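The values are calculated or read from the model by the stated rules, or taken from the named source; none is laboratory data. All values reported here derive from a predicted model rather than from experimental measurement. Here the Cβ is made from the backbone with ideal geometry for all residues, glycine too, and neighbour counts use every protein chain on show.
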C-alpha cells in the first residue's frame, strides 16, 4: 500500500500555523497525528521540506503532505467477550469489568481491553496510536464501567476534542469509608507523582502537578460509610481515588490510597463509571449511556445497608 498524497493551496489573507491548516483540511486525522507527520518530514511547502509544526503559512503557498499507510501495531487480537453497551461504525461504548487493564503496558501484554477490542473490530488497528488504538480515555484496572473506544481516525479526533474541551460528562459511583466534610462539594487539588513512591499519585502544589477538579454529592449515608456520586471535570491518573483520600474518605477496597484491609467483603475497590454523556460523531445532541453496578458491588452495598 503506497503513500497517499494530498495537495492544498493556502489562500487566506491572514497567516496561519501549518499544523492548524492541515488539521482543518484533513478532519479525519488528529492534530497530534498531523504534527507527527510534519516533524517526520512528510510535509513540504512550495517544494521545501518543513519540520516545524508552527511554521506560518503565507497566502498562495502550496502545501503537500504524504500520508504513509497505517503501520500495523503488532498487537495480537484476542477473542475476549466484551459487554458492548452501544456500537456504530465510528465507536463503541464498553462496560469494562474490574480486573481488565485498558491498554498494553509493562506486565500486561495480553488480555487488555485493546486486545479484546481488536478481536471484535480488527479494522481499528493503528487508530490513534500503535499501542493504544482507539483509546481516548482510561479507567484504572480495578475500576469497572463505561469507556468509549474510537473505530476510525475521524471519530478518534472527534472524541479527543470533546475530552479536551471537557464537554464529556463522566459520572462514577463510589462507596467510601467515613464521609466527606460536606454532603456535596467540589475538590480543586492538583495531582502529581508521589515524591516517595513514583508509581503513585498524590495531591501536590500546582507547580509540581497538574490541575485536577472533581465534584461529588452524597446519595446515601451509613454509620461508617457513604455512597457518593462523583463527577471528575479533569482526567488525571487515579484522580477520584486520590481526591477522596485527600478528603479523608477513601474508596472502600482501595488498598493503595485507603485502608490496607477492605472494610467490607470485596476483592476490588468500589468505584464504577456508571454514566457517560457524550455527543456522537455527526450528531448535535448528547446521548447518555448507563451501566448498572456489577454484582459484587451490589452485594457489598447490601452488606453495608444491613448494618443500619
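For the reader, a short list of remarks on this structure follows.
- Single unsatisfied condition, residue 293 versus (1) farther than 20 Å from residue 185 by Cα; (2) in contact with a helix residue (DSSP H, G or I) (Cβ under 9 Å, 6 or more places away or on another chain); (3) not in a loop (DSSP other than H, G, I, E, B): (3)
- Candidate set: the stretch 1-18, residues that are out of contact with any strand residue (DSSP E or B) (no Cβ under 9 Å at 6 or more places or on another chain) and modelled with pLDDT of 80 or more; chosen: the one surrounded by the fewest Cβ atoms within 10 Å (Cβ to Cβ): 13
- Checking each residue in the stretch 179-216 for being in contact with a strand residue (DSSP E or B) (Cβ under 7 Å, 6 or more places away or on another chain), touching a residue at least 60 places away in the same chain (Cβ under 8 Å) and in a loop (DSSP other than H, G, I, E, B) picks out 179, 180.
- Within the stretch 146-162, no residue that is assigned by TED's automatic domain parsing to the domain that holds residue 101 sits with its Cβ atom under 6 Å from a residue that is in a strand (DSSP E or B) and modelled with pLDDT under 85 at 6+ positions apart or across chains.
- Residue 244 touching a strand residue (DSSP E or B) at 6+ places or on another chain (Cβ under 8 Å) and assigned by TED's automatic domain parsing to the domain that holds residue 175: yes
- Matching residues, the stretch 20-33, being part of a helix (DSSP H, G or I) and over 10 Å from residue 57 (Cβ atoms): 23, 24, 25, 31, 32, 33
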